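What follows draws every value from the coordinates through simple rules; no lab data is involved. Remember, predicted model here, so these are calculated numbers, not experimental data. Cβ atoms come from the backbone with ideal geometry, glycine included; neighbour counts cover every protein chain shown.
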Amino acid sequence: MTAGRERRPAGSAPFGFAVGYDPGASVREMTEQIAAAERAGFSLGMFSEAFFTNRDSVSALSTFAASTSTIQLATTQIVRLRSPLLMAQTAATLDEVCGGRLTLVLGAATKRHGERNGLPAQVPPATPPQTLREYLLAVRLLLTGERVRFHGKVVDLDDVGLNWRPVRSGIPLWSAATSRLGLRIAAELADGVLLDGGTSPEYTASAVALLRRYREDAGKSMHGFTVAQLISVSIADSEEQALDAVRWEVASKFRYGLTAASKIAVGEPHVAPGAPERLSEVYRNQGEEALLAAVPDAYVRALTASGTEEQVQARIAAYRRAGAGVPVLRAPTPSQIPRLLNLATRSGWVARPAASVSPGGAA
């Protein structure tokens, strides 16, 4: 990433700020939050186009682009929900709108994604990982602006291309990954990886070690490969208040057992092996409130950066030591965002701004 580089103090790492996961936040509010993050000195604004189908990433990033000038903009998008050509078309257009500041993060399409979006439940004859692989390859080719021939099990392009030359032929493509296979796909085919939130620094260290091994297996070094890590950050006057505020986000990671089980397989030491299925069963049989009550404080504490400002500072440092090259911070409530942005400047994570960092311009 280049934008914002001059604004970071010597020795600091790039930091990201994430929005889009909270269904209660409007696009206007998120735009103000991303603009505030730019003023605070953050180098990346991340939009999560979540499984819950909250807001559309293309529309949201268009407004972010119009309201910012230096911060890099990134979004997650699930493959299959857009065709490869449409995904490349919108990515190249967004990159043009924001002046070459876009990073596109591709995520695998699960059976649940297909069912929710009215698509066939299966993707014969390929699997979700195969689909992700082919999208990464095909979208990269389409973004060059050249005519493309690509014949895979899922993607079939015959002399197809954009009808204009993108402002950049090399828009960074990251892959979102929670499992060992996802990490391997990212290491082999992407320019970077986005590690999921609701994980501990120990998980991050294990994931980075796997990425390093998979890159070596593919004959590639880690040089130029970005490791970004979503981190759920909850700041309050007491640890108890902070844990309660972010509990909903941690609980969301246990609605479906496979997601949490995949993280255990990567190396998450803080979740008991039987917990993903047990908590998923609570959600299926008793609903959201029961799931919230069933998630123990120990999980919320281990899988987030939560507590007083001093506790949060220590946790962010732990994620960075574990290998999170671009920590992407996400607050659980809108009321916490000004405090998070100000803590970031006071802690030296980002450059101290000359102007206010509060959303909407309030001091």
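Read phi for every residue in the stretch 73-79 and hand back ³J(HN,Hα) as whole Hz from Karplus 6.51 cos²θ - 1.76 cosθ + 1.60, θ = phi - 60°, with x for Gly and Pro.
10, 9, 9, 8, 9, 8, 5
Give the long-range amide H neighbours of Glu49: residues separated by 5 or more places, or on another chain, with amide H under 5 Å away, using H modelled in the peptide plane at 1.01 Å from N.
For Glu49, the qualifying residues are Thr76.
Any idea how many Lys pairs in the chain come in under 22 angstrom at the alpha carbon, given 8 or more places apart or on separate chains?
4
Counting other beta carbons within 10 Å of each Cβ, put Leu292, Leu173, Leu195 in order, fewest first.
Leu292, Leu173, Leu195
Rank these for me by crowding, Ser206, Ser26, going from fewest to most other beta carbons within 10 Å. Kindly include the intermediate steps, with their values, before the conclusion.
Values: Ser206 22, Ser26 10.
So the residues, fewest neighbours to most, are Ser26, Ser206.
Is there a quick way to get the dipole size of the chain? I mean about its Cα centre, with the Cβ of Lys and Arg at +1 and of Asp and Glu at -1; what is the value in debye to the nearest 20?
So the magnitude is around 780 debye.
Separation between the Asp56 and Ala317 pseudo-spin-labels, each 7 Å from Cα along Cα→Cβ, expressed in nm?
With each label placed 7 Å out from Cα toward Cβ, I get 4.5 nm.
What is the order of Leu343, Leu243, fewest Cβ neighbours within 10 Å to most?
Exposure proxy ranking, most exposed first: Leu343, Leu243.
With θ set to phi - 60°, apply the Karplus curve 6.51 cos²θ - 1.76 cosθ + 1.60 along the stretch 146-163 and write out the HN-Hα couplings as whole Hz, x wherever there is a Gly or Pro.
For the stretch 146-163, the Karplus curve yields 8, 6, 10, 10, 8, 10, x, 7, 10, 9, 9, 10, 10, 6, 10, x, 6, 8 Hz.
Roughly what % of DSSP beta bridges within the chain run antiparallel, to the nearest 5?
Antiparallel bridges make up about 10 percent of those DSSP assigns within the chain.
With springs only between Cα atoms under 10 Å, which of Gly182, Gly198, Gly152 fluctuates most in a Gaussian network model of the chain?
Maximum fluctuation in the GNM of the chain, among the listed residues, is at Gly152.
Using a Gaussian network model of the chain with C-alpha springs under 10 Å, which one of Arg28, Arg80, Arg315 is most mobile by mean-square fluctuation?
Arg28
Out of residues 5 or more away from Val148 or on other chains, whose amide H comes under 5 Å of its own, with H placed 1.01 Å from N in the peptide plane?
HN-HN under 5 Å from Val148: Asp159, Val160, Gly161.
Give me, ordered by chain and number, the residues 5 or more places off Ser234 or on other chains with an amide H under 5 Å from its own placed amide H.
Residues meeting the criterion, in which the H sits 1.01 Å from N, are Ala305, Ser306, Gly307.
Connecting C-alpha atoms closer than 10 Å in a GNM of the chain, tell me which of Lys253, Lys153, Lys263 has the biggest fluctuation.
Lys153
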